[in-house]
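Participant: Following this message is one structure expressed as C-alpha cells.
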Amino acid sequence: MTCIMQVLAGDPVAIPAPNIDAVTALRPALLGYCYRMVGSTADADDAVQETLVRAWRALDTFEGRAPLEAWLYRIATNVCLNLLRGRSRRALPIDVATPSSATAELGVPRPQGAWVEPIPDCLITGGEADPAELAATRESVRLAFVAALQLLPPRQRAVLILRDVLRWRVEEVAALLDTTVASVKSALQRARATLATHPPAPPTPADDQLLGRYLDAFGRYDIDALVRLLREDATLSMPPYDLWLRGRDEIRTWLVGRGRECRDSALTAIAVNGTLGFIQHRRTGPGTFEPFAVTVLEAIDATVSAIHAFLDPVLVRHIESARART
C-alpha cells in the first residue's frame, strides 16, 4: 500500500522498472484526458488515482503486447465511464440560465457537481516543449469547450476526445473501447454533429499584459480602471450560483455593490484552462485572509470578454494543493 500511495502522490520511485519514466510522463496527459471527460479537477484527479491503483494491481498481467499508453488510457476510460454513470452533465451558468440584474440576489448555490470547474495548465501540460502541442492542449481545455463536451453521452465523449483532441487513429479508439471501427465512426459523427449545434464561444485567451492590468486594477479596487478593461458585452458568472451578468454597466453595478467585499483581496496569477486568471484570498481581518475564488479570464481584442469567478473555497484549496505538487 505504501508503494501505491507513493504512485498516487506522483513519486516515480514507487513504479517498478521499466515503466518508471513512461508512467511519470503520461500522468499529466491522463489527467487532462480525465478532466475533459468529467469536467472537474478533483474528479479527474480521483480518476487518475483509481487508474493507477488498478494498473498497479494488474501490472503482472501487462505483457507489453499493447503500448503502455493504450493500456493506461483503457483503464482511465473505464474509470471515467463508471464515474459518469447516472450523473447529470456539468455546465456553465451561461449555458443553463438567462442573465440576471446586478441587484438580484445570488440565490441558493447549486450542489457540488453541477458546474464545469477550472484546471491549472501546469497539471496537464507536463514537460511538453513543442509550441504547437502546448497550444493544442490549452485550446482543448478551454472552459467553453469542456462545457460543450459535457453535452455528449460519455462514450461519444471518449471517442471525440481520443480521435479529435488526442489524434488517435480510429482503429486504436475501437481497440480501446472494445468495439468496431464502424461503431467508432458512427459515434464520432454523432458527437461532431452535437458540438456543431453548440459551438464553443469565440473568446481567446487573456494575455499577460491584460492580466497584469486587470490584477492591478482589482488589487486597488479601482472600479473605473476595471470597467475600462471590459468589452461592452462582457459577462460575469459566479458558480456555484446560477446568477450571471452581461454588460459593463451591470458588472460595474455589481462591483460597487455586493462585490465590495472583494476589496483588499490577495491575488495570485495562474495559467488556467488555456488562458490566464487568478486565485483570490479575501481579507477577513488585519493580515488575515481566507480562500475565496478561482477566476478565469477570456478576452477579445485585448479586452476582457468573460469573467468566470468560481466562488468555492474548497476548489481554491484543491487547486493550490495540486499546484504545489507539480
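Laboratory data are not the source of any read-out in this text; all were calculated from the coordinates shown. Given the structure is predicted, the values throughout are model-derived calculations rather than measurements. Counting neighbours? That spans all protein chains shown, and the Cβs are built from the backbone with ideal geometry, glycine included.
Participant: Would you please give the FRET efficiency between residue 233 and residue 59, computed as 1/(1 + (r/R0)^6) with r the Cβ-Cβ distance and R0 = 41 Å, to the nearest 0.05?
Facilitator: 0.15
Participant: Here's something else I'd like to know. Taking 0.36 nm per intervening residue step and subtracting the Cα-Cα distance, what contour gain separates residue 253 from residue 81 on full extension?
Facilitator: Values: separation 172, 0.36 × 172 = 61.92 nm, distance 4.30 nm.
Full-extension gain reported as 57.6 nm.
Participant: If you keep only loop residues by DSSP, which trypsin sites (Lys or Arg not before Pro) in the stretch 257-326 have at most 16 other Cβ atoms within 10 Å of their Cβ?
Facilitator: Answer by residue number: 263, 325.
Participant: Which GluC sites (Glu not before Pro) in the stretch 83-192 sit in a loop by DSSP (not H, G, I, E or B) and have at most 12 other Cβ atoms within 10 Å of their own Cβ?
Facilitator: Those that pass, being in a loop and sparsely packed, are 105.
Participant: Nearest 10 degrees, 0 to 90: what angle lies between the long axis of helix 313-324 and the longest principal axis of the chain (Cα atoms)?
Facilitator: For helix 313-324, the angle is close to 60 degrees.
Participant: Taking the Cα centre of the chain as origin, work out the dipole magnitude from +1 charges on Lys and Arg Cβ and -1 charges on Asp and Glu Cβ, in debye rounded to 20.
Facilitator: Values: 36 positive and 38 negative charges, 153 e Å.
Dipole of the chain, to the nearest 20 debye: 740 debye.
Participant: Can you give me the C-alpha center-to-center distance between the stretch 76-125 and the stretch 237-251, rounded to a whole angstrom?
Facilitator: Here the two parts' Cα centres lie 15 Å apart.
Participant: Average the reciprocal distances over every distinct pair of alpha-carbons in the stretch 132-268, invert the result, and give the Kirkwood radius in Å.
Facilitator: 18.0 Å
Participant: Give me the distance in nm between label points sitting 7 Å out from Cα along the Cα-to-Cβ direction at residue 302 and residue 197, one decimal.
Facilitator: Distance between label points: 4.1 nm.
Participant: Mind checking the stretch 177-229 for chymotrypsin sites (Phe, Trp or Tyr not before Pro) that DSSP puts in a loop (not H, G, I, E or B) and that have at most 16 other Cβ atoms within 10 Å? Can you show the working numbers first?
Facilitator: Numbers: sites: 214, 218, 221; in loops: 221.
Here the chymotrypsin sites (Phe, Trp or Tyr not before Pro) that fit, given the DSSP loop and packing criteria, are 221.
Participant: Given the options 89, 167, 36, state which has the largest fluctuation in a GNM of the chain using a 10 Å cut-off (strictly under) for Cα springs.
Facilitator: The residue with the greatest mean-square fluctuation here is 167.
Participant: In degrees, nearest 10, range 0 to 90: what is the angle between the Cα axis of helix 68-84 and the longest Cα principal axis of the chain?
Facilitator: In the chain, helix 68-84 runs at an angle near 60 degrees to the longest axis.
Participant: For the stretch 153-225 and the stretch 270-326, write down the distance between their C-alpha centroids in whole Å.
Facilitator: Rounded to whole Å, the Cα centres lie 21 Å apart.
Participant: Sort largest first and round to whole Å: the equivalent ellipsoid semi-axes of the stretch 204-324, each the square root of five times a Cα gyration tensor eigenvalue.
Facilitator: Semi-axes (√(5λ), whole Å): 21, 17, 14.
Participant: Consider a paramagnetic label point 7 Å from the Cα of residue 261 along Cα→Cβ; state which residues of the stretch 307-321 have an amide N under 18 Å from it.
Facilitator: Only 308-317 pass the distance filter.
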